[in-house]
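The block underneath contains the structure these notes are about, expressed in structure tokens.
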Amino acid sequence: MRRNGPLALIFHTIFVIVMVAPILVVCLVAFTPEGFLSLPTNGFSLRWFRAIANYPEFIHAFWVSLGLGALSSFVALLFAVPAALAIARYRFRGRDALAALFLSPLMIPHVVLGIAFLRFFTSAGLGGSFAALIIAHVIIVFPFALRLTLAAATGMDLSVEMAAVSLGANGWTLFRRVTLPLILPGVISGWALAFIQSFDDLTMTVFLAAPGTETLPVRMFLYIQDNIDPLVTSVSACVIAVTMTALILLDRFYGLDRVLAGKGVTGR
Amino acid sequence: MSTAAEQRSARAPWALTAPALMLFVGVLLIPLAMTVMLSFHDWGQYKGIEPVFILKNWREIATDPYYAEMFWRTFRIAIVTTLLTAVLGAPEAYILNRMSGRWKSIFLLVILGPLLISVVARTLGWALLFGGNNGLVNKLLMSAGLIHAPIPFMFTETGMVVALAHVMMPFMVLSVWAALQRLDPQIENAALSLGAGPVTIIRRIIMPQIMPGVLSGAIIVFSLSASAFATPAIIGGRRLKVAATLAYDEFLNTLDWPLGAAVATLLLVALVLIVVGSNALIERRYAEVFR
């Protein structure tokens, strides 16, 4: 294959700089020693990271986000693993329709989901509760949990299971000792991707969160609506650090291109 | 003749999918149906939501030019964003694909990674870069001699498009990159050996083959841009409304839920029609590529 020419490399350099610039500038401004938005030209300071401690609502929101992401991704997997096994192994009527239904939260705008859940949970008397947030997040992260589990279940060697059955394993033992360990990399990656999606969601959550159940993105968004100061950049830098850690783990254990490739991966 | 084992295996997939199916019917389909119903309800400042069946909200959206203008703005921003990502993302994916293994995976991580980083943080980054009239972007463009007067980015459609294009870019690169993986590099070499220049190769060999990737990327970018919330809300401010931010306002500030539900329903229906329609068109046009 031919190599890239100089023009292509210049384009590529500018492209990468523009892609990284907004993320980099947030992380840099977070280290400013000044009391206003500025790049840290006179040395780095951690004052704005220490300042987060004076805003308990950010710390509370962080724990809400963390708990919500971990729990809703786990619950989503409880539903997604059996569904993925069924879709991967059986050819049955309605299979395509079911798969489409399970992936549909990717297609429906999150603002519409937020409105639908707000209406639903308010009439169910659960408005603004943590339980409502969990259920809503289970729905939006479900496609991600399903897709990665499905990929693992499709690639699995069925003869291993047959060998286990011929040796007398069945039902729960078969699942716990044979099937689950074999699909575990897919399940864990599915959990990680689902966690990131839940941890970052703003558009849907902003409709459901009430004071006390505000997630970090919601808290940040409401803060930015009023004013932008270095505090919100240091909080953002922490969020970016959490995501990057999950991202690097995901890349190491599964390969980021495998996680992201395939149709309809959505963020927002 | 069906044996007991066959009957069991016919029931098994349904037993396995039943919990997820019940979850989706109970907490996805029913809430969506309730939202469509809500758009037909009445609302008043003092009486709240009245569960009657009227077309008031839909008539208001159809007749008040404010909504036509808002939806037109929403789709205009989505279209320009889509074009921008296609024009810049497709060449970048091509360049990326020609890099050697190590660099390819590093830059792929750099370009796709932002996909998973909080949209609020990324948009905040753009707000910082735009920052007023002497923001970093304007300073850079002016010192490069590309513009003479600062371009207003904050609270304008220009700023929204730039920030949205950045947010959506990974989807386009990913989609074109996937199409490039199916491309046989020998075809390019064959064209070269037959005397084709680089421009001809790109126009006649590469473009037709990656077009399905560009188009399916465009569908994803368009539908996500048209329903984007965080970026238009932060860059656009309180006055420059798009469909998602307007629906948010109706729900959480004005509290006119039925009207907000009507806006959301219209957005959903419009997007589903556009996405399904263009998918069908692309599949017919490029049937050979997908086979």
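With of a type outside the set (Gly, Ala, Ser), more than 10 Å from chain A (Cβ to nearest Cβ), closer than 30 Å to residue A:5 by Cα and without any contact (Cβ under 8 Å) to a residue 60 or more places away in the chain as the only criterion, which of B:141, B:192, B:109 stands out?
None of the others qualify; the one that does is B:141.
Within the group B:155, B:171, which residue is part of a helix (DSSP H, G or I), among the aromatic types (Phe, Trp, Tyr) and farther than 18 Å from residue A:24 by Cα?
Residue meeting the stated conditions: B:171.
Can you say whether residue B:212 is out of contact with any helix residue (DSSP H, G or I) (no Cβ under 9 Å at 6 or more places or on another chain), closer than 24 Å to residue B:109 by Cα and at pLDDT below 90, as far as the supplied structure shows?
The answer is no for residue B:212.
How many residues are in contact (Cβ under 8 Å) with a residue 60 or more places away in the chain and assigned to a loop (DSSP other than H, G, I, E, B) if we restrict to region B:8-50?
Adding up the residues that qualify gives 3.
If residue B:22 meets every condition in (1) surrounded by 12 or more Cβ atoms within 10 Å (Cβ to Cβ); (2) within 14 Å of chain A (Cβ to nearest Cβ) apart from one, which number is that one?
Exception for residue B:22: condition (1).
Quick one: residue B:94 ticks every box in (1) touching a helix residue (DSSP H, G or I) at 6+ places or on another chain (Cβ under 6 Å); (2) touching a residue at least 60 places away in the same chain (Cβ under 8 Å); (3) under 30 Å from residue A:250 (Cβ atoms) bar one, so which box is it?
Only one criterion in (1) touching a helix residue (DSSP H, G or I) at 6+ places or on another chain (Cβ under 6 Å); (2) touching a residue at least 60 places away in the same chain (Cβ under 8 Å); (3) under 30 Å from residue A:250 (Cβ atoms) is unmet by residue B:94, namely (1).
When you go through (1) in contact with a Leu (Cβ under 9 Å, 6 or more places away or on another chain); (2) farther than 18 Å from residue B:79 by Cβ; (3) not β-branched (Val, Ile, Thr) one by one for residue B:278, which number turns out not to apply?
Single failed check for residue B:278: (2).
Restricting attention to region B:160-169, does a residue exist that is within 10 Å of chain A (Cβ to nearest Cβ), among the small types (Gly, Ala, Ser), touching a helix residue (DSSP H, G or I) at 6+ places or on another chain (Cβ under 8 Å) and on the phi < 0 side of the Ramachandran plot?
yes
Just the residues that are farther than 30 Å from residue B:189 by Cβ and polar (S, T, N, Q), please, taken from region A:1-42.
If the condition is that a residue be farther than 30 Å from residue B:189 by Cβ and polar (S, T, N, Q), then A:32, A:38, A:41, A:42 are the ones that fit.
Among the candidates B:246, B:273, single out the residue that is at pLDDT 90 or above, farther than 30 Å from residue B:121 by Cα and in a helix (DSSP H, G or I).
Every option except B:273 fails the conditions.
May I ask you to say which residue of B:202, B:235 is in contact with a Phe, Trp or Tyr (Cβ under 9 Å, 6 or more places away or on another chain), within 23 Å of residue A:15 (Cα to Cα) and surrounded by 22 or more Cβ atoms within 10 Å (Cβ to Cβ)?
Values: B:202 fails: surrounded by 22 or more Cβ atoms within 10 Å (Cβ to Cβ).
Sole residue among the options that is in contact with a Phe, Trp or Tyr (Cβ under 9 Å, 6 or more places away or on another chain), within 23 Å of residue A:15 (Cα to Cα) and surrounded by 22 or more Cβ atoms within 10 Å (Cβ to Cβ): B:235.
Of all the residues that make up region A:28-39, how many are crowded, with 20+ Cβ neighbours inside 10 Å and in a helix (DSSP H, G or I)?
At the first step, the residues of region A:28-39 found to be crowded, with 20+ Cβ neighbours inside 10 Å are A:29-30, A:32.
Still in the list and also in a helix (DSSP H, G or I): A:29.
Qualifying residue count for the region: 1.
The values are calculated or read from the model by the stated rules, or taken from the named source; none is laboratory data. From a predicted model like this one, the values you see are computed outputs, not experimental measurements. Counting neighbours? That spans all protein chains shown, and the Cβs are built from the backbone with ideal geometry, glycine included.
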